[in-house]
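Novice: This structure is in structure tokens; I'll ask about it shortly.
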Amino acid sequence: MAQLSNLYGLNQHLFWDIDTQNFDIDKSAAWIIQRVLEYGDLKDWNIIEDHFGLDKIIACSLNFRTLDPVALSFLCFISGLNKENFRCYHTAQSNPTPWNS
């Protein structure tokens, strides 16, 4: 079981709500990736890219129900995919908020 402490250098504010001593990073890869994409900085991005690899990050991200629009644009840029390939794009389109419509 790989612990979160193995991702040395990630900002700890990303994981304020969990016990990092009893956390399996490989089972929760998608959760960690989404946290870093939405709340992390470039240093955090580089750490998860080194640990998980770009292919796994993209594969996990394709199935997120929600994702910050800036993070979605970043993923589209680095992967060469269109926004329409991501599940969160379609979920956001079917549930517009009154202030964004």
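Novice: What do you reckon, is Ile18 surrounded by 13 or more Cβ atoms within 10 Å (Cβ to Cβ), of a type outside the set (Ser, Thr, Tyr) and in a loop (DSSP other than H, G, I, E, B)?
Specialist: Yes; evaluated as a whole, the condition is true for this residue.
Novice: Taking the criterion of being out of contact with any Ser or Thr (no Cβ under 8 Å at 6 or more places or on another chain) and at positive phi, would at least one residue in segment 63-71 satisfy it?
Specialist: no
Novice: Scan segment 23-45 residue by residue and report those that are open to solvent by 40 Å² or more (accessible area, probe 1.4 Å) and aromatic (Phe, Trp, Tyr).
Specialist: If the condition is that a residue be open to solvent by 40 Å² or more (accessible area, probe 1.4 Å) and aromatic (Phe, Trp, Tyr), then Trp31, Tyr39 are the ones that fit.
Novice: For segment 53-80, enumerate the residues that are more than 11 Å from the chain's Cα centre (by Cα), surrounded by 15 or more Cβ atoms within 10 Å (Cβ to Cβ) and without any contact (Cβ under 8 Å) to a residue 24 or more places away in the chain.
Specialist: Answer for segment 53-80, where residues must be more than 11 Å from the chain's Cα centre (by Cα), surrounded by 15 or more Cβ atoms within 10 Å (Cβ to Cβ) and without any contact (Cβ under 8 Å) to a residue 24 or more places away in the chain: just Cys76.
The values are calculated or read from the model by the stated rules, or taken from the named source; none is laboratory data. Quick caveat: nothing in here was measured; it's all calculated off a predicted structure. With ideal geometry, Cβ positions are generated from the backbone for all residues, glycine too; neighbour counts draw on all protein chains shown. Just the protein is used for accessible areas: all its heavy atoms, side chains included, with ligands, DNA and RNA removed. Shrake-Rupley method; radii C 1.70, N 1.55, O 1.52, S 1.80 Å.
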